[in-house]
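J.: Sending over a structure as structure tokens; questions will come in a sec.
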């Protein structure tokens, strides 16, 4: 399996090895960050809309949580399909296809009137959004030296933080004028516009990726670091987007907070998180990704568990601290993943890690927390998530990224 560290592909579209200064690559990085923002909104605008969907359809908390499972089942499929597209088209065109098709799926979601139909549409939303991430992350590293990976991913990961702020505020603004369906149209429009802008020129190269063949996947899965990073990403995502998905219901059910107040507090709690990816990126450059991830995961687990124990006096402080820590995981986490395999296999390792991590972390986990809520143990769901996240810190003792492939 060591051949993955030095192996190069015969594809003429593989990423060139000539490195360029970070500032020269910044415009393409910012364009991808913008795409990721609307991609993220397409999947997580549903959290602030859950109370309205419940009231509109009469579904229970568990069924509401399962809507995220449908998105992430689709996301699972999209991530895997991305490799088939990027090896035939290229990473640039795959990103464009993701933007336009996801926009169309959101417009379709506005037209459905039943929960079964909505579940089907959410599968499509997840699948089309999933096409982006493997090609998007690989494009972020285009002509970058490994030392700059953390900085590049810091810009990329500002998008989820901004999305967490915008989603509840956008919901509150537009729900005044109509139903939850009307909240979807600006997200769809944004995806369509930025996708067409990105299509105009190859901002981050026109190289192709490796297809998810059995042989290629077996080679990646043969590295122990792959499995260890998979576990870390499951709970890194779970303590971030999984927890966020259920927080609106948690604030209403456990603290009798009205929907508007809950959405405002959640948006405010994400303001501090806007800076944490940049701090994590800087620390990654200075100290390396492993120790940075270890500290972040440890503290995230503790604060997530405390969310389930705190009373109203301490809740808002924990919301701020937990969101800041959970968001900081990804720049350093991606920097490790990109160093596990050779450059032309990076899209494949992302496509193998992220669908499982998203399916469990932001799909199954909200469903489990919803089960706890239906049983009257809402707090216990958050405590269990925090303790499991805390335990994954041990994985980093055995992960040894390398820059040999550079």
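J.: Considering only segment 106-132, state which residues are in contact with a helix residue (DSSP H, G or I) (Cβ under 7 Å, 6 or more places away or on another chain), part of a helix (DSSP H, G or I) and without any contact (Cβ under 8 Å) to a residue 24 or more places away in the chain.
T.: 108, 121
J.: Where the second residue is surrounded by 20 or more Cβ atoms within 10 Å (Cβ to Cβ) and modelled with pLDDT under 80 and the first is at positive phi and lies in segment 166-189, which pairs have Cβ atoms under 8 Å and are six or more apart or on separate chains?
T.: none
J.: Given the residues 350, 368, 321, 399, which is the only one that is closer than 18 Å to residue 136 by Cβ and in contact (Cβ under 8 Å) with a residue 12 or more places away in the chain?
T.: Values: 368 fails: closer than 18 Å to residue 136 by Cβ; 321 fails: closer than 18 Å to residue 136 by Cβ; 399 fails: closer than 18 Å to residue 136 by Cβ.
Matching residue, one of 350, 368, 321, 399: 350.
J.: Regarding segment 333-352, can at least one residue be identified that is within 22 Å of residue 165 (Cα to Cα) and crowded, with 24+ Cβ neighbours inside 10 Å?
T.: There is no residue in segment 333-352 that is within 22 Å of residue 165 (Cα to Cα) and crowded, with 24+ Cβ neighbours inside 10 Å.
J.: Only one of these is part of a helix (DSSP H, G or I), modelled with pLDDT of 80 or more, within 18 Å of residue 228 (Cα to Cα) and in contact with a helix residue (DSSP H, G or I) (Cβ under 8 Å, 6 or more places away or on another chain): 388, 397, 365, 359. Name it.
T.: So the residue among 388, 397, 365, 359 that is part of a helix (DSSP H, G or I), modelled with pLDDT of 80 or more, within 18 Å of residue 228 (Cα to Cα) and in contact with a helix residue (DSSP H, G or I) (Cβ under 8 Å, 6 or more places away or on another chain) is 388.
J.: Could I ask something else about it? Inspect segment 245-255 for any residue being free of Cβ contacts under 8 Å to residues at least 12 places away in the same chain and surrounded by fewer than 16 Cβ atoms within 10 Å (Cβ to Cβ) and give the result as yes or no.
T.: no
The values are calculated or read from the model by the stated rules, or taken from the named source; none is laboratory data. Everything quoted here is computed from the prediction, not taken from an experiment. Cβ: placed from backbone, ideal geometry, glycine included. Neighbour counts: every protein chain shown.
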